[in-house]
Amino acid sequence: MEQEQPKKVRSEFIFFAWRNAKLRIGVSILLVFIVFAVVGPFLVKYDPYEYSGPMGAPPSREHWFGTTIFGQDVFSQFALGTRSTLTVGLLGGCIGTMVGILVGLLGGYRGGMLDEFLNVITNIILIIPTLAVLIIIAAYLEVRGILTQSLFIGLTAWPWAARAIRAQTFSLRVREFVDLARITGRSSLRIVLTEIAPNMMSYLLLVFILQFGGAVLNAATLDFIGLGPTKGVSLGLIMNNAVLWAALQLGMWWWLLPPGATIAAIVGALYITNVGLDEIFNPKLREM
Amino acid sequence: MGRYLGRKLLIYALTFFLAVTIDWMIPRFMPGDPVSLMIARIGTRPEAAEVLRGYFIQAFGLDVPLWQQYLNFWKALFQGDLGVSIWLYPQPVIKIIQRAIPYDLFILLPAILLSWFAGNHVGALAARARWLDNTLLPVGYLLTATPYMWLAILLAWSLGNVAGVFPIAGAYSFSIRPHLSLRFILDLLHHWFLPFLSLFLVMFGGWAIGMRNMIIYEMESDYSRYLEALGTPQKLIRKYAFRNAMLPQITGLALQLGGIVAGAVATEVVFAYPGIGYIILNAVQNQDYFLLQGCFLFIIIGVLLANFLIDIVYVIVDPRTRLGMTGE
């Protein structure tokens, strides 16, 4: 009997997951882009910054997404850019979620002065616009890589996650099973890890997805202002170049539209997945 | 009420203090040396570079001990001295920012207020009309997921470039000098419309979805069920639900300010609209650190002021805060 329980829960999860159209759509779109980010760069025929074709040519068989005003292949830039954009989202999302979990769990479970202190810090950082801080940090970095970018994005994005997780922890720590665990003399760390965290797993997944989307958008905005990676390509950087070199005035839509559309699709798919998962985890929201 | 606002003010004061400290710290403690970077950028003969280095060190105030640098930074700040721009040398940073701020307010205030107002009402409508709900949800999610600059690019390309209905750069035509006349005002509005629209649309999606979800949540709550059981007309229950759902939307506005700043920066870059965002772009391209730091401070001050305004509105709207029943 005890063996049976978790198995049943899992199959129920898969059952509702499969029935949920939002989740299906969101996850499929995401998968398409993830596969493209992995495979795409191998399909590329040119170096992203190589002057490989006619200048400012519309899409053709030779250049699938046309060329930039300098004759660089947009598809090559696009394929590599999608990869780096997803990488920043993944890393930045992970870091943001981790810090958020740490601060939220710690403050929420311990309470008292520590919580008071962490809460004030969280509230302060919550007010400061993330992008403003990122701009000023990035401007002073001489060499910017994808890793440093994700690191800074993650380190500035955690406050709302910490706040939400803290609130969840607050409501969980007064439950009876937590009291029972405390009576048995377990250490705080073990109680947090084995009693509280598993009950928030679904919630943490949602937090991660939103952090992922936020990191992608933040990275795109930074790149777009010209504070992206100093070497390499990203979707925001393509847009930055396109706008700087008057692709708008010249009507070079093949240079302007694909990168932004991809970001919108990725972030949109993340949001839809989020709503879908929310409906699965929270039976109240399910449409029967 | 006093306690509520007092606590908020304390947080804002701490935030301002921290922001100024960050603004002071980053050029001094980041790896790399901005002074050499700027000199390398200008690229002159060695003897000229030495003179420049001396000037920059003095301009940054790097020739005194750290604690003194920090105090001087604050002192200069209160005198409105944010240094001299390199991009538009020798104009003081504060003058450049002062010129940009009206344009920011001109775009942001209408975009924020109108999108909030329209989003809330459309969201509330969607919660009760199935067909509207089915269109609003996908459109809303798509809008919130769209990067601000891309929607701006899309609008500029379709309405500006292809259709040719709206101009796509600047705040007014180059052929007109700013003066008070109907022609200039119309020209100003003509240039204003697209940046405004792109900000409006992205924000609108978020508000509408938020309101729709809140209304559904409120309609499920005990007081709605009780009213329903009493036979209260649906219209009245909706009205109560709407009022209760407004409160989180007001708090949400405060939380969204950071995102709005990012949106404004990106939009102004696309449309070359001469607000703070456009200045930041130029500061980045010219490695104008003083200007960048000045913009940072002004963004913080703007966000803090907006937060405080929202708090005051919240106190007016939610009587519980006035009676000291909620701390946060």
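Note on chain A: with charges restricted to the Cβ of Lys and Arg (+1) and Asp and Glu (-1), its dipole about the Cα centre is near 580 debye. Taking chain B as a Gaussian network of alpha-carbon nodes connected by springs under 10 Å, the highest mean-square fluctuation of the residues B:LEU109, B:LEU151, B:LEU291 belongs to B:LEU109.
In whole angstrom, how far apart do the alpha carbon centroids of the stretch A:97-123 and the stretch B:204-254 sit? Measuring centre to centre over Cα atoms gives 31 Å.
Dividing the C-alpha radius of gyration of the stretch B:262-328 by 2.2 N^0.38 Å, with N its residue count, gives 1.60. For the stretch B:40-98, chymotrypsin sites (Phe, Trp or Tyr not before Pro) meeting the loop criterion (DSSP other than H, G, I, E, B) and having at most 13 other Cβ atoms within 10 Å: none. Restricting attention to the protein assembly as shown, lysine pairs at least eight places apart or on different chains and with alpha-carbon atoms under 21 angstrom apart total 4. Dipole size of the protein assembly as shown about its Cα centre, with +1 on Lys/Arg Cβ and -1 on Asp/Glu Cβ: approximately 1140 debye, rounded to the nearest 20. Start at zero, step by 5 Å, and the Cα-Cα distances of the stretch B:97-285 spread as 1, 8, 14, 17, 16, 13, 10, 8, 6, 4, 2, 1, 0, 0 percent across the bins.
With a cap of 15 neighbouring Cβ atoms within 10 Å, and only residues DSSP puts in a loop, list the GluC sites (Glu not before Pro) found in the stretch B:181-228. It would help to have the intermediate numbers written out before the result.
Working: sites: B:GLU218, B:GLU220, B:GLU228; in loops: B:GLU220.
When the GluC sites (Glu not before Pro) of the stretch B:181-228 are filtered for loop state and at most 15 Cβ neighbours within 10 Å, B:GLU220 remain.
Simple rule: put +1 on each Lys or Arg Cβ and -1 on each Asp or Glu Cβ in the stretch A:157-234, find the dipole, and look at A:ALA220, A:THR184, A:ALA157; the Cα lying farthest toward the positive end is A:THR184.
Each Lys and Arg adds +1 at its Cβ and each Asp and Glu adds -1 at its Cβ; summed about the Cα centre, chain B shows a dipole of about 740 debye.
Centre-to-centre, using Cα atoms only, the stretch A:51-76 and the stretch A:239-268 are separated by 14 Å.
Hey, what angle do you get for helix A:74-110 against the long axis of chain A, alpha-carbon based, 0 to 90 degrees rounded to 10? Roughly 20 degrees between the two axes. Under 5 Å between amide hydrogens, built in the peptide plane, is the criterion, and for B:VAL84 it picks out B:VAL93 among residues at least 5 positions away or on other chains.
Could you sort A:CYS94, B:CYS295 by accessible area so the largest value comes first, with the probe set to 1.4 Å? Walk me through the numbers before you get to the answer.
On the way: A:CYS94 60, B:CYS295 0 Å².
The most accessible residue leads, giving A:CYS94, B:CYS295.
Normalising the Debye intensity of the stretch A:182-258 to I(0), with uniform scatterers on Cα atoms only, and taking log10 at q = 0.11 Å⁻¹ returns -0.51.
Scanning chain B for DSSP H helices at least 27 Å long along the axis (C-alpha atoms) with a Kyte-Doolittle mean no lower than 0.0 picks out B:2-29, B:93-126, B:182-219, B:234-271, B:289-317. Computed from Cα positions, the angle between helix A:4-19 and the longest principal axis of chain A comes to roughly 40 degrees.
How long are the semi-axes of the equivalent ellipsoid of the stretch A:75-285, defined as square roots of 5 times the Cα gyration tensor eigenvalues? Whole Å, largest first.
Each semi-axis is √(5λ); the values are 39, 19, 13 Å.
Checking an interface number: how much accessible area is buried between B and A, summed over both chains, with a 1.4 Å probe, in Å² rounded to 100? Can you show the working numbers first?
On the way: alone 18530 and 15820 Å², together 29980 Å².
Between B and A, the summed buried area is about 4400 Å².
Across the options A:GLY56, A:CYS94, A:ILE127, the greatest Cα extent toward the positive end of the charge dipole of chain A (unit charges at beta carbon of Lys, Arg, Asp, Glu) belongs to A:CYS94. Only helical runs count toward this figure. For chain B, summing -39,500 (n - 2.57) over DSSP H runs of n ≥ 4 and dividing by all residues gives -26000 deg cm²/dmol at 222 nm. Each of B:LEU71, B:LEU109, B:GLN58 was scored by the projection of its Cα onto the charge dipole of the stretch B:55-132, and the greatest displacement toward the positive side belongs to B:LEU109; charges sit on the C-beta of Lys, Arg, Asp and Glu.
Calculated on the alpha-carbon coordinates, the convex hull of the protein assembly as shown measures out at 212 cubic angstrom per residue.
Based on every Cα atom in chain B, Rg and the maximum pairwise Cα distance Dmax equal 24.2, 88 Å.
Taking amide hydrogens as placed 1.01 Å from N in the peptide plane, the amide H of A:GLY71 sits under 5 Å from those of A:GLY56, each at least 5 positions away in sequence or on another chain.
Carbon and sulfur atoms: what percent of the 1.4 Å accessible area of chain A do they account for?
Numbers: 9180 of 13620 Å².
Answer for chain A: carbon and sulfur cover 67 percent of the accessible area.
What percent of all Cα-Cα pairs in the stretch A:3-129 falls into each 5 Å bin, going from 0 up to the bin containing the maximum distance? All Cα pairs, binned at 5 Å, distribute as 2, 9, 10, 10, 10, 11, 11, 12, 10, 7, 5, 3, 1, 0 percent.
Taking chain A as a Gaussian network of alpha-carbon nodes connected by springs under 10 Å, the highest mean-square fluctuation of the residues A:PRO258, A:PRO58, A:PRO129 belongs to A:PRO129.
The values are calculated or read from the model by the stated rules, or taken from the named source; none is laboratory data. Note that the structure is predicted; figures quoted are calculated from it, not measured. When we count neighbours, we look across all protein chains shown, and the Cβ atoms used for this are built from the backbone with ideal geometry, even at glycine. All accessible areas refer to the heavy atoms of the entire protein, side chains included, with ligands and DNA or RNA removed. Shrake-Rupley method; radii C 1.70, N 1.55, O 1.52, S 1.80 Å.
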